[in-house]
Amino acid sequence: GESVGLHLPTLSVQEGDNSIINCAYSNSASDYFIWYKQESGKGPQFIIDIRSNMDKRQGQRVTVLLNKTVKHLSLQIAATQPGDSAVYFCAENSAGYQKVTFGTGTKLQVIP
Amino acid sequence: NAGVTQTPKFRILKIGQSMTLQCAQDMNHNYMYWYRQDPGMGLKLIYYSVGAGITDKGEVPNGYNVSRSTTEDFPLRLELAAPSQTSVYFCASSYPGTGVEKLFFGSGTQLSVL
């Protein structure tokens, strides 16, 4: 559903700590899940994706976890840095569809 | 390699005016998309195209039109601007070979309708 009003959920994390950003999805037919990072004044940027036949995928300092049973996706950022401050969006797509649907974003604030 | 280029970056329109938001990509991507992002919100799909000559509606197409005469260009047209169209508009492209989901976004056009 829609985010509420003009206030994105915000996660404040101390520099060097790990961050966990969560996302719930509703379409049980979705096959691909993606995380995007949007820095202030810029377009979203692809971070990592995961297919529905996987439950975990790791990248550089990032890990995505997928729990299909409860339709939940999470992005873990290790050793969070000031440059990680941004809005993070989860997105989903179904095989055979050309459209990517974006979820409500989460703002990550890194405290130096 | 410029990627996805959007012009203009900023624009102020009066109610009832029309304009075209330009989008060009030089990655030879088949798929192109237009999204709008309202303040503090996610991205809503306006229109998309899977190739030259083919376009289709997204979630919020009312008040907009698109065309795709070439692989590279995907302009978005606002015919009668309304305050509800005040938003940031993002163009994106993707290539099925590397994953439709891996969208490459432009830097956006901030539009205000007053």
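Below is a table of values for the structure above.
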{"quantity": "Number of the condition not met by A:I50 [criteria: (1) free of Cβ contacts under 8 Å to residues at least 40 places away in the same chain; (2) in a strand (DSSP E or B); (3) more than 25 Å from B:G3 (Cβ to Cβ)]", "calculated": "(3)"}
{"quantity": "Single condition B:K102 does not satisfy, out of (1) at the interface with chain A (Cβ under 8 Å from one of its Cβ atoms); (2) assigned to a strand (DSSP E or B); (3) out of contact with any Ser or Thr (no Cβ under 7 Å at 6 or more places or on another chain)", "calculated": "(3)"}
{"quantity": "Index of the failed condition, B:I12 passing every other in (1) surrounded by fewer than 16 Cβ atoms within 10 Å (Cβ to Cβ); (2) part of a loop (DSSP other than H, G, I, E, B)", "calculated": "(2)"}
{"quantity": "Single match in B:G53, B:G63 (criterion: small (G, A, S), surrounded by fewer than 19 Cβ atoms within 10 Å (Cβ to Cβ) and touching a strand residue (DSSP E or B) at 6+ places or on another chain (Cβ under 8 Å))", "calculated": "B:G63"}
{"quantity": "From A:V110, A:V64, A:V4, residue being modelled with pLDDT of 95 or more, hydrophobic (A, V, I, L, M, F, W, C) and under 30 Å from B:Q110 (Cα atoms)", "calculated": "A:V110"}
{"quantity": "Test: residue in segment B:22-42 that is touching a helix residue (DSSP H, G or I) at 6+ places or on another chain (Cβ under 8 Å), under 21 Å from A:A91 (Cβ atoms) and surrounded by fewer than 19 Cβ atoms within 10 Å (Cβ to Cβ)", "calculated": "yes"}
{"quantity": "Residue selected from segment A:89-112 under the condition more than 11 Å from chain B (Cβ to nearest Cβ) and surrounded by 15 or more Cβ atoms within 10 Å (Cβ to Cβ), by the criterion farthest from A:K56 (Cα to Cα)", "calculated": "A:V110"}
{"quantity": "Residue in segment A:14-26 that is in a loop (DSSP other than H, G, I, E, B), modelled with pLDDT under 90, touching a Lys or Arg at 6+ places or on another chain (Cβ under 8 Å) and among the polar types (S, T, N, Q) present", "calculated": "yes"}
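Okay, residues lined up against (1) closer than 14 Å to B:L103 by Cα; (2) outside any loop (DSSP other than H, G, I, E, B):
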{"position": "B:T5", "(1), (2)": "yes, yes"}
{"position": "B:G16", "(1), (2)": "no, no"}
{"position": "B:L21", "(1), (2)": "no, yes"}
{"position": "B:W34", "(1), (2)": "yes, yes"}
{"position": "B:V50", "(1), (2)": "yes, yes"}
{"position": "B:T71", "(1), (2)": "no, no"}
{"position": "B:S84", "(1), (2)": "no, yes"}
{"position": "B:F90", "(1), (2)": "yes, yes"}
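The values are calculated or read from the model by the stated rules, or taken from the named source; none is laboratory data. In this text the structure is predicted, and so the values were computed from the model without any measurement. Positions of Cβ are generated from backbone atoms using ideal geometry, with glycine treated the same way; all protein chains shown enter the neighbour counts.
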